[in-house]
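Have a look at the structure below before the remarks.
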Amino acid sequence: MCPISAPFPAARFRRLRQTPALRALAQENTLSVGDLIWPVFVRDGMGMREPVASMPGVARLSVDLVVEAAEEAADLGIPAICLFPYTDPTLKTEGCEEAWNPDNLTNRAIRAIKAAVPQIAVMTDVALDPYNSLGHDGLVRDGVVLNDETLEALVRQALVQAEAGADIIGPSDMMDGRIGALRQALEMAGHKGVVLMSYAAKYASAFYGPFRDAVGASGALKGDKKTYQMNPANSDEAMRLIERDLREGADMVMVKPGMPYLDIIRRAKDTFGAPTYAYQVSGEYAMIKGAAERGWIDGERAMLESLMAFRRAGCDGVLTNFAPEAARAIRARRA
Ligand code: PBG
């Protein structure tokens, strides 16, 4: 692009900012409800809504209330909901077997949502951390997170999710070779329409803290995830990972966290042109909510500005805990 403008005063950029009408005409990007994916935390029980302290406004919901949340999302026009289980600590093992239990929380929630709200897309997370007594996304032996052995476990986990009716499967584990392994297994099992959204460029980030509280993984995890999640200093590596995952059969790619990594999103969109998503993670949500609660910022405006930033950076959509609140604001035309 070669932007041309006349010298001042022939060019006055303020001309197009004078009124709401002119600003609307000159607006380059838009945010709509159809851009939102809502992450929801699932727990066991009935009629249970258990607030997550580090994420004001977010609660762990029992399956019956997750179904209500899916109905609310569908009514608002949110196209997809993404499930994360809070697994009872007694079900967590080093072998992570609960991950491929066809009746685990995630799979029960998928079936319940699909029965009640078939029009909403259900996305799931593929990674072992909610089921792992050691808190890691992969199987651990002698303190090492194993790659190839983990792939087999991820395939088993994904196949039961597809069987339960998941529309979009989101591998968030960062093992090498998982997209190819999952794609091949899904095709062979006849799940040809299941979409893979790869958490392709997922960084080892401090911004996941509140999420780990929400899924109950904080206590279990010893150490960090730096041997599989990316170094925040790297950008070229993100392009190589995204290219690799697209070649292995990813339909959509994600950058995570979101706001600190807008440069990666723009680069990915410009380089590959693939359907590109950001995860506005729990810590980003908590920062905006926490500051708003103290009256330090206007929470709604900060929320909408942060979401528009993802669109401007090149995102086709955003996973955000703000999804229902943002949808209501957008529908009220405050965005
Ligand atoms: C783990 C997973 C994480 C998130 C989504 N899937 C956390 C982690 O990698 O430790 C983070 C989401 C958020 O912070 O909102 N498989």
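The values are calculated or read from the model by the stated rules, or taken from the named source; none is laboratory data. What you see is a predicted model; the values in this text were computed from it and never measured. Reconstructed Cβ throughout: ideal geometry from the backbone, glycine too, with neighbour counts over all protein chains shown.
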> Q119 versus (1) crowded, with 19+ Cβ neighbours inside 10 Å; (2) assigned to a loop (DSSP other than H, G, I, E, B): which is the lone unmet condition?
Replying inline: (1)
> So which residues in the stretch 70-100 are out of contact with any strand residue (DSSP E or B) (no Cβ under 8 Å at 6 or more places or on another chain), away from the ligand (no atom under 16 Å from the Cβ) and part of a helix (DSSP H, G or I)?
Replying inline: E71, E72, A74, D75, L76, P89, T90, L91, E97
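Do we find a residue being among the small types (G, A, S) and on the phi < 0 side of the Ramachandran plot anywhere in the stretch 143-152?
no
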>> I'd like the full set of residues that are in contact (Cβ under 8 Å) with a residue 60 or more places away in the chain and part of a loop (DSSP other than H, G, I, E, B), limited to the stretch 230-266.
In response: G249, A250, G258
> What is the residue count in the stretch 162-194 for residues that are assigned to a loop (DSSP other than H, G, I, E, B), in contact with a strand residue (DSSP E or B) (Cβ under 6 Å, 6 or more places away or on another chain) and within 13 Å of the ligand (Cβ to nearest atom)?
Replying inline: 2
> Does A206 qualify as being farther than 30 Å from R43 by Cβ, over 15 Å from the mean Cα position of the chain (by Cα), small (G, A, S) and at pLDDT 95 or above?
Replying inline: no
>> Of everything in the stretch 195-204, what is crowded, with 22+ Cβ neighbours inside 10 Å and more than 8 Å from the ligand (Cβ to nearest atom)? Give them in sequence order.
In response: L196, M197, S198, A200, A201, Y203
> Considering only the stretch 233-260, how many residues are surrounded by 15 or more Cβ atoms within 10 Å (Cβ to Cβ) and either within 14 Å of the ligand (Cβ to nearest atom) or of a type in the set (A, V, I, L, M, F, W, C) (or both)?
Replying inline: 15
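Going residue by residue through the stretch 213-232, is there one that turns out to be in contact with a Phe, Trp or Tyr (Cβ under 7 Å, 6 or more places away or on another chain), at pLDDT below 95 and within 11 Å of the ligand (Cβ to nearest atom)? Please lay out each step first, then the result.
First pass over the stretch 213-232, keeping only residues in contact with a Phe, Trp or Tyr (Cβ under 7 Å, 6 or more places away or on another chain): 214-216, 229-230, 232.
Those still in the list that are at pLDDT below 95 too: 214-216.
Now narrow it down to the ones that are within 11 Å of the ligand (Cβ to nearest atom): 214-215.
For the stretch 213-232, residues in contact with a Phe, Trp or Tyr (Cβ under 7 Å, 6 or more places away or on another chain), at pLDDT below 95 and within 11 Å of the ligand (Cβ to nearest atom): present.
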